[in-house]
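Trainee: Okay, handing you the structure first.
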Amino acid sequence: MSRDVVITGWGAWTGAGDDEATRAAWLEGRSSVRAFEKDLVGLPPGFGGWADIPFKELRGLPGGRDLRPGTLTAFTKLACAAVGRALKNVGVDDPAADDDAVADRRGVYLGSYTNFPEMKKHLALTHVMGDADAATEDRYSIDDAKIMAGMGGLRGFDFLKLMNNMPAAHTTIQANARGPANTYLGVSTAGLQAVGRAAEHVSDGLADQIIAGGTGPGTLEGLLLVHSSYGALPEAEGARGMIPGDAGACVVVESADTAAARGATAVARVTGYYDLFAAPRTARGGWADASPLVRLLRVVLDQAGWAPGDVDYIGATASGLPDLDSVEAAAYAEVFGPDLGGAALGVHTAVTGFTEAAHGTVGLMGAVQAMADGRVPPSPGLGVLPASAGAERTVRRAIVVSVAPEGHGAAIAIERT
Amino acid sequence: MSRRRIVVTGWGTVTPHADDVDRLFDRVSEGVCAIDTITQFDPSHLPSTVAAEVTYDVAAPERVGPFPSTSRTMRFAVRAALSAMADAGLETPAPDDWRTRSRRAVQLSTGVGSTAMEAYGPTTLRAWGAPPEKAVRKPDMQAFRSLALTDPASRKLEEWFCDFAAPALGVLFGADRIATAASACASGSHSLFDAVHTIRSGRADVVLTGGVCTPITRSMMPGFALLSALTTNPDPATAARPFDADRDGFIMAEGASLLVLEDEEHARARGARIHGEILGVGIATDAHALTAPLATGRGMADAMKGAMADAGRSASDVSYVNAHGTSTPLNDAAETIAIKTALGEDVARRTPVSSTKSMFGHLIHAAGVTEALVCLQAIKRNVAPPTINFHTRDPKCDLDYVPNEAREVPVTTALNNSFGFGGQNVSVLLGGYEGSL
């Protein structure tokens with residue numbers, strides 16, 4: 001990388017609360033996974049790390065004053081919460097007051113899935129569009145003449161807010177970010193990919209500061225139905241499978257020079273990043289073996305100029321999907337040795353649930369926090385890898401990994417400044 | 001160390017006009033309109049009834065690696081990718097050829113997948129009975145869920161979240177790095193922006209980049225109509241009228257366009273044919289509003305100025321502008337101001353500016369790269385394509401929009417604009433390449 005890139009702050013909202021509450025829960029080994037309530041009742045698996053963000057709090061965050069509930073999907077709301085928290089944590093209380101020169105060089109990169117509608121409204125539209133004559137024969141076909149009748153309960157913003165770029169669009173307004181903005185889509189690794197690509201682009205000089213991370217409303221009805229349809233969710237409490245959770249998480253990535261000029265504290269320096277695709281066994285079946293992830297890890301170690309033994313913290317994905325977890329464990333064992341070379345393993349899945357495109361960034365935030373406060377949280381619920389004990393420990397070099405069942409992985413290396 | 005030059009060595013397209021880049025430009029330079037009344041469903045009850053559809057067969061394999069490619073989005077993307085790879089003379093590397101794979105990338109933009117809530121129609125009938133006359137405000141979701149959990153339609157929702165286009169192209173192209181960018185109507189150009197920097201920084205030598213979009217659906221058409229973004233003019237021949245005083249909204253279109261971008265030295269070393277060069281790229285965000293562009297055109301102008309600066313070129317070097325030109329009242333007025341700001345009033349007035357959306361509508365995520373193809377052809381043929389249906393001058397739109405007929409002019413560089421909802425703006429400056437003609 002041509003310019004030194006550092007991380008100067010973070011922000012998040014998970015089922016445990018904001019980033020401070022999330023850190024506290026993780027350090028205590030306390031899970032935010034709990035029974036579904038309200039609109040989630042009746043959805044599989046019946047429990048998860050669902051987040052409840054009071055809108056008043058969202059509007060009280062920096063840049064949040066003009067947010068409107070009617071334009072926010074669950075994805076966008078979590079993104080705004082994370083970005084607002086990050087702005088607050090780095091002391092940008094009123095981003096609109098920033099000089100043009102600062103705003104022009106600030107960007108936002110977020111990982112997400114395609115924005116998804118409130119199923120209730122759109123299913124009601126689907127229902128009303130049905131042809132009444134066909135229905136008498138138990139067939140569903142669409143009566144095009146009734147489409148506009150179904151639109152009666154919808155507004156333009158019900159569609160606008162589904163555009164894939166809305167998490168970034170909202171947060172650029174919130175953060176007064178006039179530089180590059182992007183929403184990376186499609187796989188749960190997209191959040192860490194957004195951070196890594198942001199680091200690359202800051203290094204390349206395309207921006208001075210990018211707020212980057214991911215948004216993942218894992219307890220969204222549509223996602224739960226999809227995951228349920230291919231058996232990803234546990235059938236009962238205690239069974240194996242992916243426990244859904246909600247999160248928005250981001251870090252503030254900036255050039256070392258810019259951070260120093262504004263007097264910011266750089267917690268970590270980005271020393272390597274790579275994302276890698278290799279065809280999975282099936283569309284959502286994950287890699288057949290650990291070799292792609294081994295290659296990914298070795299590329300990042302090589303970029304950082306580290307030997308495996310130099311790493312003292314590994315932020316793992318640990319999605320809960322048995323095959324994906326096995327591939328991850330095998331890759332770590334092959335690259336770092338069976339005892340991980342003495343590195344601490346950071347896993348937050350049992351604390352937050354699997355938080356889709358936010359998951360990798362929550363893990364990265366944990367690594368950066370460990371560098372800042374010298375505390376390695378416990379990793380409850382692990383069976384296949386040695387868990388960290390939850391102790392005070394100096395974390396100097398960390399690798400954080402995000403892997404997705406669609407054959408995609410991302411890994412970032414950071415070093416304490 | 002000098003900066004790597006980025007050249008175009010392959011292209012592929014599936015557009016309403018044609019699935020061939022030369023034929024696409026033939027039609028566009030003839031002023032042929034590909035907009036017609038929608039055929040994929042009966043639009044007669046919708047506020048907007050016209051669109052630019054792909055009405056010919058688009059053949060593609062049913063699977064690419066493990067990914068199904070039967071949906072409209074996937075077929076378009078795969079077809080355009082195969083054409084671009086063939087045009088570039090590139091093949092899929094062997095699975096264990098990590099050396100080649102590590103130097104290739106896919107940078108794609110996609111819209112909403114082909115599946116919509118309609119997949120759940122039968123379940124709504126079983127859960128809630130016969131369709132009512134008006135939508136029920138509080139449907140019984142518990143009744144729906146108990147059925148939906150065993151409904152194969154749940155699997156179809158996967159396409160909403162992840163249409164697998166980028167992973168499938170990753171398999172075809174044999175790329176280590178894949179990414180899907182979303183910045184609304186600027187997405188395709190945004191992918192190109194990222195692709196340029198991926199090569200320039202040395203992270204890859206060859207990138208397959210572009211966009212695909214199939215938004216002509218029963219939910220997206222009325223949805224955009226509710227936003228007052230679409231034309232309500234029912235006459236397909238005259239509905240798209242960018243910069244004209246009587247414009248009233250954009251025309252939805254579908255398709256896919258992909259470019260193979262390559263480091264110049266890499267391309268020359270393998271003897272590739274070079275179609276043109278990406279001279280510079282610029283990006284800027286309004287940070288202002290979700291739907292309306294800044295009336296001052298600041299973000300748009302910043303993107304254009306960024307592209308020129310990145311190329312080391314001045315405004316007087318720009319010989320043609322392919323405008324975003326959506327045919328909406330707000331965009332076209334703001335873009336006119338922005339072009340004048342970026343190029344300077346005098347240069348802007350003597351530079352041909354056209355919107356080819358007047359002929360093939362707005363391909364949303366595929367718009368930017370489709371229009372980049374038009375620019376490369378304009379350079380190759382020294383022809384500025386027209387803005388058709390330009391009859392009544394709007395005082396807010398006072399540039400030379402190449403009205404109604406193509407014009408033979410020397411085109412050495414072309415500036416391509418793409419601006420998206422959410423205030424995301426990308427401009428690309430393209431040029432010819434010595435020996436490419």
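The values are calculated or read from the model by the stated rules, or taken from the named source; none is laboratory data. Quantities reported herein were computed from a predicted structural model and do not represent experimental measurements. All Cβ positions, even for glycine, are placed from backbone atoms using ideal geometry, and neighbour counts span all protein chains on display.
Trainee: Counting residues that are more than 7 Å from every other protein chain (Cβ to nearest Cβ), surrounded by 24 or more Cβ atoms within 10 Å (Cβ to Cβ) and not small (Gly, Ala, Ser), which helices (runs of 4 or more DSSP H) fully inside the range A:147-217 reach at least 1?
Mentor: A:166-175, A:190-203
Trainee: Only one of these is more than 13 Å from chain B (Cβ to nearest Cβ), farther than 22 Å from A:Ala367 by Cβ and not aromatic (Phe, Trp, Tyr): A:Ala290, A:Ala279, A:Ala261. Name it.
Mentor: Selected residue: A:Ala261, the only one of A:Ala290, A:Ala279, A:Ala261 that is more than 13 Å from chain B (Cβ to nearest Cβ), farther than 22 Å from A:Ala367 by Cβ and not aromatic (Phe, Trp, Tyr).
Trainee: Are there any pairs with C-beta distances below 6 angstrom linking a residue in the range B:312-323 that is farther than 17 Å from B:Glu345 by Cβ to a residue that is in a loop (DSSP other than H, G, I, E, B), with the two at least 6 apart or on different chains, and if so which?
Mentor: Final answer for the pair search is B:Ser319/B:Val411; B:Ser319/B:Thr412; B:Tyr320/B:Pro352; B:Tyr320/B:Val411.
Trainee: Moving to a separate point now. Tell me which residues, restricted to the range B:185-206, are surrounded by 24 or more Cβ atoms within 10 Å (Cβ to Cβ) and within 17 Å of the chain's Cα centre (by Cα).
Mentor: B:Cys185, B:Ala186, B:Ser187, B:Gly188, B:Ser189, B:His190, B:Ser191, B:Leu192, B:Phe193, B:Asp194, B:Ala195 - these are the residues of the range B:185-206 that are surrounded by 24 or more Cβ atoms within 10 Å (Cβ to Cβ) and within 17 Å of the chain's Cα centre (by Cα).
Trainee: Turning to a different aspect of this structure: Considering the range A:379-413 alone, what residues qualify as being modelled with pLDDT of 85 or more, farther than 17 Å from A:Val335 by Cβ and either outside any loop (DSSP other than H, G, I, E, B) or not small (Gly, Ala, Ser) (or both)?
Mentor: A:Thr394, A:Val395, A:Arg396, A:Ala404, A:Pro405, A:Glu406, A:His408
Trainee: Report, by residue number, each residue of the range B:373-393 that is of a type outside the set (A, V, I, L, M, F, W, C) and assigned to a helix (DSSP H, G or I).
Mentor: Our first condition is that a residue be of a type outside the set (A, V, I, L, M, F, W, C); within the range B:373-393, this holds for B:377, B:380-382, B:385-387, B:389, B:391-393.
Answer for the range B:373-393, where residues must be of a type outside the set (A, V, I, L, M, F, W, C) and assigned to a helix (DSSP H, G or I): B:Gln377, B:Lys380, B:Arg381.
Trainee: In the set A:Val311, A:Val299, which member is of a type in the set (Val, Ile, Thr) and within 14 Å of another protein chain (Cβ to nearest Cβ)?
Mentor: On the way: A:Val311 fails: within 14 Å of another protein chain (Cβ to nearest Cβ).
Answer to the check: A:Val299.
Trainee: If A:Asp275 passes every condition in (1) crowded, with 19+ Cβ neighbours inside 10 Å; (2) over 23 Å from B:His190 (Cβ atoms); (3) among the charged types (D, E, K, R) but one, which one does it miss?
Mentor: Unmet for A:Asp275, out of (1) crowded, with 19+ Cβ neighbours inside 10 Å; (2) over 23 Å from B:His190 (Cβ atoms); (3) among the charged types (D, E, K, R): (2).
Trainee: Please indicate, with yes or no, whether at least one residue in the range A:254-273 is under 28 Å from A:Thr76 (Cβ atoms), touching a helix residue (DSSP H, G or I) at 6+ places or on another chain (Cβ under 9 Å), of a type in the set (Ser, Thr, Tyr) and part of a loop (DSSP other than H, G, I, E, B).
Mentor: No, the range A:254-273 contains no residue that is under 28 Å from A:Thr76 (Cβ atoms), touching a helix residue (DSSP H, G or I) at 6+ places or on another chain (Cβ under 9 Å), of a type in the set (Ser, Thr, Tyr) and part of a loop (DSSP other than H, G, I, E, B).
Trainee: Could you check how many residues of the range B:228-249 are away from chain A (no Cβ under 14 Å) and either surrounded by 24 or more Cβ atoms within 10 Å (Cβ to Cβ) or closer than 19 Å to B:Lys396 by Cβ (or both)?
Mentor: Of the residues in that region, 11 qualify.
Trainee: May I ask you to verify whether A:Asp204 is of a type outside the set (Phe, Trp, Tyr), within 18 Å of A:Pro45 (Cα to Cα) and touching a helix residue (DSSP H, G or I) at 6+ places or on another chain (Cβ under 8 Å)?
Mentor: It is false that A:Asp204 is of a type outside the set (Phe, Trp, Tyr), within 18 Å of A:Pro45 (Cα to Cα) and touching a helix residue (DSSP H, G or I) at 6+ places or on another chain (Cβ under 8 Å).
Trainee: Another question, then. Every residue in the range A:66-123 that is within 21 Å of the chain's Cα centre (by Cα), farther than 29 Å from B:Arg218 by Cβ and among the basic types (Lys, Arg), please.
Mentor: A:Arg85, A:Lys88, A:Arg106
Trainee: On to the next question. List the helices (runs of 4 or more DSSP H) that sit entirely inside the range A:274-369 and contain at least 1 residues that are at pLDDT below 95.
Mentor: Details: elements: A:291-304, A:322-336, A:349-352.
Correct list: A:322-336, A:349-352.
Trainee: Still on this structure: Filter the helices (runs of 4 or more DSSP H) completely within the range B:122-227 down to those with at least 3 residues that are under 27 Å from B:Ala84 (Cα atoms) and more than 7 Å from chain A (Cβ to nearest Cβ).
Mentor: Details: elements: B:141-148, B:153-156, B:158-161, B:165-173, B:187-200, B:220-226.
Of the helices (runs of 4 or more DSSP H) lying wholly inside the range B:122-227, those with at least 3 residues that are under 27 Å from B:Ala84 (Cα atoms) and more than 7 Å from chain A (Cβ to nearest Cβ) span B:165-173, B:187-200.
Trainee: Of the residues A:Val251, A:Val299, A:Val294, which is under 29 Å from A:Asp4 (Cα atoms), under 23 Å from the mean Cα position of the chain (by Cα) and surrounded by fewer than 18 Cβ atoms within 10 Å (Cβ to Cβ)? Before you say what the answer is, go through the steps one by one.
Mentor: On the way: A:Val251 fails: surrounded by fewer than 18 Cβ atoms within 10 Å (Cβ to Cβ); A:Val299 fails: surrounded by fewer than 18 Cβ atoms within 10 Å (Cβ to Cβ).
The match here is A:Val294.
Trainee: So which residues in the range B:385-396 are more than 25 Å from B:Val369 (Cβ to Cβ) and of a type outside the set (Lys, Arg)?
Mentor: Scanning the range B:385-396 gives B:His391, B:Thr392, B:Asp394, B:Pro395.
Trainee: Look at the range A:218-248 and say how many of its residues are under 18 Å from the mean Cα position of the chain (by Cα) and not in a helix (DSSP H, G or I).
Mentor: Of the residues in that region, 10 qualify.
Trainee: Among the numbered conditions (1) buried (at least 24 other Cβ atoms within 10 Å of the Cβ); (2) under 25 Å from B:Leu227 (Cα atoms), tell me where A:Gly84 comes up short.
Mentor: Tallying (1) buried (at least 24 other Cβ atoms within 10 Å of the Cβ); (2) under 25 Å from B:Leu227 (Cα atoms), A:Gly84 fails exactly one: (2).
Trainee: Follow-up. Among the residues in the range B:367-381, are any surrounded by fewer than 22 Cβ atoms within 10 Å (Cβ to Cβ), modelled with pLDDT of 95 or more and in contact with a helix residue (DSSP H, G or I) (Cβ under 9 Å, 6 or more places away or on another chain)?
Mentor: Within the range B:367-381, one or more residues are surrounded by fewer than 22 Cβ atoms within 10 Å (Cβ to Cβ), modelled with pLDDT of 95 or more and in contact with a helix residue (DSSP H, G or I) (Cβ under 9 Å, 6 or more places away or on another chain).
Trainee: Show the residue pairs meeting these rules: Cβ distance below 7 Å; 6+ apart or different chains; first residue within the range A:157-177 and without any contact (Cβ under 8 Å) to a residue 12 or more places away in the chain and farther than 24 Å from A:Asp98 by Cα; second residue of a type outside the set (Val, Ile, Thr) and not in a helix (DSSP H, G or I).
Mentor: Once the first residue is without any contact (Cβ under 8 Å) to a residue 12 or more places away in the chain and farther than 24 Å from A:Asp98 by Cα and sits in the range A:157-177, its partners that are of a type outside the set (Val, Ile, Thr) and not in a helix (DSSP H, G or I) give A:Phe159/B:Leu227.
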